[in-house]
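Peer 1: Structure provided below as structure tokens; questions to follow.
The values are calculated or read from the model by the stated rules, or taken from the named source; none is laboratory data. A quick note: this is a predicted structure, and the numbers were derived from the prediction, not measured. Ideal geometry is used to build each Cβ from the backbone, glycine not excepted, and the neighbour counts take in all protein chains shown. The protein model used for the area step is the full one, side chains on, heavy atoms only, and it has no ligands, DNA or RNA in it. Shrake-Rupley method; radii C 1.70, N 1.55, O 1.52, S 1.80 Å.
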Amino acid sequence: SENGADVLGIPFGHTIDSVMFVLGPIASLTAVTKNQHPILHMVDIAGNPTGKTVEQTGVHQIALAGMLESGAVLGFHYRGGLEAMVGKAGNPLVCTIDGEGTVILEGIPRPKPYLNGEKVVIAPDGKTNTGRALAEFAKGPGGKYPTLDDAVQAKKTVDAVARSVEEGKKIDI
């Protein structure tokens, strides 16, 4: 985890980037992290234990409270190290956005969206995420696609989480 190739640096970074793409940048935050699985028990391709273990130094739990630049309050908890099975207890992704209504996303790798308690069906468009981003980029200045500035903001946010944990205080981004 010393080189950033861990839950905080990669899946959390991508997830918080998506949250900010929808809700806007985070202005400040306070965070805590925890390594819930310091020893990993290896399994074979069929999922059977091999008896081998590996020390794991990265964090798995990342919780933050923050303020968006819009003034809205954000509470966010990322749980890594869980089996990614939709609908199973311990689901690694549950995202709830409360406002005039409630939006809930559940599951990895393909989140299931709910609006005010009702499942939302999104028709497949045949495109990948990259294909959608390129289609938006082709629209020119009115397109909605991630930019280098978005990537820098996501990296600043990941760094702010690490600093908050290390210093034990609120960090302005």
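Peer 1: I need the full set of residues from the range 68-112 which are modelled with pLDDT under 65 and open to solvent by less than 50 Å² (accessible area, probe 1.4 Å), in order please. Step through it out loud before you land on a result.
Peer 2: First, pick out the residues of the range 68-112 that are modelled with pLDDT under 65: 82-92, 108-109.
Result: GLY90, ASN91, PRO92.
Peer 1: Which of the residues belonging to the range 8-49 are over 29 Å from ALA151 (Cα atoms) and open to solvent by 70 Å² or more (accessible area, probe 1.4 Å)?
Peer 2: Answer for the range 8-49, where residues must be over 29 Å from ALA151 (Cα atoms) and open to solvent by 70 Å² or more (accessible area, probe 1.4 Å): ILE39, HIS41, MET42, VAL43, ILE45, ALA46, ASN48, PRO49.
Peer 1: Same structure, new question: Which of the residues belonging to the range 53-67 are over 16 Å from the mean Cα position of the chain (by Cα) and surrounded by 10 or more Cβ atoms within 10 Å (Cβ to Cβ)?
Peer 2: If the condition is that a residue be over 16 Å from the mean Cα position of the chain (by Cα) and surrounded by 10 or more Cβ atoms within 10 Å (Cβ to Cβ), then THR53, GLN56, MET67 are the ones that fit.
Peer 1: What residue, among those in the range 119-173 that are exposed (fewer than 14 other Cβ atoms within 10 Å of the Cβ) and acidic (Asp, Glu), is modelled with the lowest pLDDT?
Peer 2: The qualifying residue modelled with the lowest pLDDT is ASP125.
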